[in-house]
1. Which one is farthest from the other protein chains (Cβ to nearest Cβ) among residues in the range B:277-292 that are closer than 23 Å to B:E151 by Cα and open to solvent by 10 Å² or more (accessible area, probe 1.4 Å)?
2. How about the range A:99-151: which of its residues are open to solvent by 10 Å² or more (accessible area, probe 1.4 Å) and either basic (K, R) or over 20 Å from A:V81 (Cα atoms) (or both)?
3. Determine, yes or no, whether B:E274 is open to solvent by 30 Å² or more (accessible area, probe 1.4 Å) and touching a His at 6+ places or on another chain (Cβ under 8 Å).
4. When you scan the range A:186-195, do you find a residue that is under 28 Å from A:R70 (Cα atoms), touching a Ser or Thr at 6+ places or on another chain (Cβ under 7 Å) and open to solvent by 30 Å² or more (accessible area, probe 1.4 Å), even just one?
5. Suppose we filter the range B:176-189 for residues that are buried (at least 21 other Cβ atoms within 10 Å of the Cβ) and more than 7 Å from chain A (Cβ to nearest Cβ); how many remain?
6. Test B:L110 against the stated conditions and say whether it is closer than 24 Å to B:R42 by Cβ and under 20 Å from the mean Cα position of the chain (by Cα).
7. In this structure, is B:D190 in a helix (DSSP H, G or I), of a type outside the set (S, T, N, Q) and either touching an Asp or Glu at 6+ places or on another chain (Cβ under 9 Å) or within 24 Å of B:Y299 (Cβ to Cβ) (or both)?
8. In the range A:152-163, which residue that is in contact (Cβ under 8 Å) with a residue 40 or more places away in the chain and more than 7 Å from chain B (Cβ to nearest Cβ) is most open to solvent (accessible area, probe 1.4 Å)?
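The values are calculated or read from the model by the stated rules, or taken from the named source; none is laboratory data. Because the structure is a prediction, the values reported are computed rather than measured. Cβ coordinates were reconstructed from backbone atoms using ideal geometry, including for glycine residues, and neighbour counts include every protein chain displayed. Accessible surface areas use protein heavy atoms only, side chains included; no ligands, DNA or RNA. Shrake-Rupley method; radii C 1.70, N 1.55, O 1.52, S 1.80 Å.
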Amino acid sequence: MSRISGCFQNLRSTGRKALIPYVTAGDPQPDVTVPLLHALVEAGADLLEIGVPFSDPMADGPVIQAACERALVHDVSLHQVLDMVREFRKDNPVTPVVLMGYLNPIEAWGYKDFARAASDAGVDGVLTVDLPPEEAGLLKEVLQEQDLDMIFLLSPTSGKERIRRISAMASGFLYYVSLKGVTGAKKLDITAVAAGLAEIRPETGLPLGVGFGIHDAESAMRVAEIADAVVVGSALVSRIPALQDTPDLIPGKLADTVSEMRRAIDGIRSKRTGMQA
Amino acid sequence: MNASSQGTASVHYSMPDENGHFGPYGGRFVAETLMGPLEELRLAYEKYCTDPEFISELDADLANFVGRPSPLYLAERWSERLGGARIYLKREDLNHTGAHKINNTVGQALLAKRMGKRRIIAETGAGQHGVATATVAARLGMECVVYMGAEDIQRQAINVYRMRLLGADVVSVESGSRTLKDALNEAMRDWVTNVDETFYIIGTVAGPHPYPAMVRDFQAVIGRETRAQILDREGRLPDALIACVGGGSNAIGLFYPFIEDEGVAMYGVEGGGEGIDTGRHAAPLCDGRPGVLHGNRTYLIEDDNGQITETHSVSAGLDYPGVGPEHAWLKDSGRARYVAATDDEAMRAFHALTRTEGIMPALESSHALAYAAHLAPAMDRDSILIINLSGRGDKDVHTVATLEGIKV
């Protein structure tokens, strides 16, 4: 079983929901990333999503665009991102790591060489935002050979047929985009998300994560009530610009935000099981 | 896949396939949220492109609003001076708004109307596509938002003002390199956010399927007219076609109706900037490699890590790191040849045509003229060369003056 599936199985057996923070690798400088990843795990992250910087992040809002630009000032490449994962793995062999980014850096490296290197570095899953299932056949095959999960997005515009097709191709978990828009948008409509998830559930046995639009502990908690995992990106990354001159403080400050969300999410479980919050 | 495994592209040319692939190029590389809307657009386009009512409305607009057919003009003095082939110019510069861009915006706007969309968005580099979009939006009474890189807004102030006069909201894009590619990113972000009521008019033969095929089909009026006009004038097909290539819409518009005519050579001329060997250029087909950007696989200018890098061209309309996927395919298949003209060569051609023919070409089109000036003298005097004069040079007067140290 992959590290991702194992993680979700453990969570399910203890009645907990996954919290998945996203950070862009190398933002605002390369040496911050590994300590930051450890701090996020310490604060209660179950899986980690690491953004691979790209010059043209078409699906991202202003917060993550700016993060990519800060990382690219240091020329952070996909190779370096894997070096960071390898470094992280030295002290953490447990927490699943998903790379999130765009196809072109993978195309430039070559699918096979990339997949081998990613697996070798300790990556567990790959989410390529601009690679829909229609174009994903070859990469899927190559990732599978290396036992890497391929994570796909589902959106409010997907429809039954695409939901089926994508579910059949995906492994690890499915990532439901909570709204029509880019990352960091603030128009989360929890009723609509619940309806979207209800449409997907019958079609898949995979855990369902929800992202795009979760901006605080309150929205994280509400999403956790209906999903298996909560993905938080822009809400964390938006704190970085103010801390750029004091990079040592970044892991602690972002961990505070994650802890707060962790408590909010676990609160539901306590309520449900009648335990003390 | 390469040319040898596929034979030549000609004979029965029917690209793209149903998934929008031109061989290994093209396709649909976008986030999941846009897949449904792109399919909706493809279905609508396929329905209307054979609908007699749609076609007659489009033809009427092209005739009465755009001013088609555009003339095919024999540049006698310039041909004489070069001392080789007889050179004809397809006068897209005489279209309403001054370039070929309007052929496509008229078509897509009619489609938007049929699809019940009330809001139009577009990206623009030099501003020509933005102006052509704002123009059709004004005519149809639609809301219009044009995304333009902050750098380009500075360089093309007149076109920004033209768009605003037409009622468009011009949004300055401050991300990335603050040029055309970033404007395209931002337009995509708008589309994914407002997809229900918004139609995105892409200005070139790039982007996810069906855009490369749809924009080509709207621009193919250029080649269809040219074919009829040259047969009428000379009683035979030309020996060669030349067009400049940024994204490549004017070039594909001219080439497409000639693709199966193997005797007609086709040359696409990219922005050679300061020279291919300097690395400062905008010529992905001459000096790039395949990758994925803006929804399609094509040749790109990128670094070893797959990051898109900055391009350089005196002409804002050619200053783009990608190129339409059909051109990538025509290159690999050998059906068309792709070359580059430097900034200096384009400037010389700009002056030559202005002085010998009294026609001031756009700097984009000047790249095609520059290659013609290189090719024509080596051709027989009875051979025929057709150049797509894709736009007029009025918008570039300020750039030319600045380059030559003249304050206007």
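1. It comes out as B:T278.
2. A:K112, A:R116, A:E134, A:E135, A:G137, A:L138, A:K140, A:E141, A:Q144, A:E145, listed by residue number.
3. yes
4. yes
5. Quick first cut of the range B:176-189, residues buried (at least 21 other Cβ atoms within 10 Å of the Cβ) only: B:176, B:179-189.
Pick out the ones that are also more than 7 Å from chain A (Cβ to nearest Cβ) and you get B:179-180, B:182-184, B:186-187.
Residues in the range B:176-189 being buried (at least 21 other Cβ atoms within 10 Å of the Cβ) and more than 7 Å from chain A (Cβ to nearest Cβ): 7 in total.
6. On the way: closer than 24 Å to B:R42 by Cβ: yes; under 20 Å from the mean Cα position of the chain (by Cα): yes.
So B:L110 passes the test.
7. Working: in a helix (DSSP H, G or I): yes; of a type outside the set (S, T, N, Q): yes; either touching an Asp or Glu at 6+ places or on another chain (Cβ under 9 Å) or within 24 Å of B:Y299 (Cβ to Cβ) (or both): no.
Judged against the criteria, B:D190 is not a match.
8. Restricting to residues being in contact (Cβ under 8 Å) with a residue 40 or more places away in the chain and more than 7 Å from chain B (Cβ to nearest Cβ), the top hit is A:K160.
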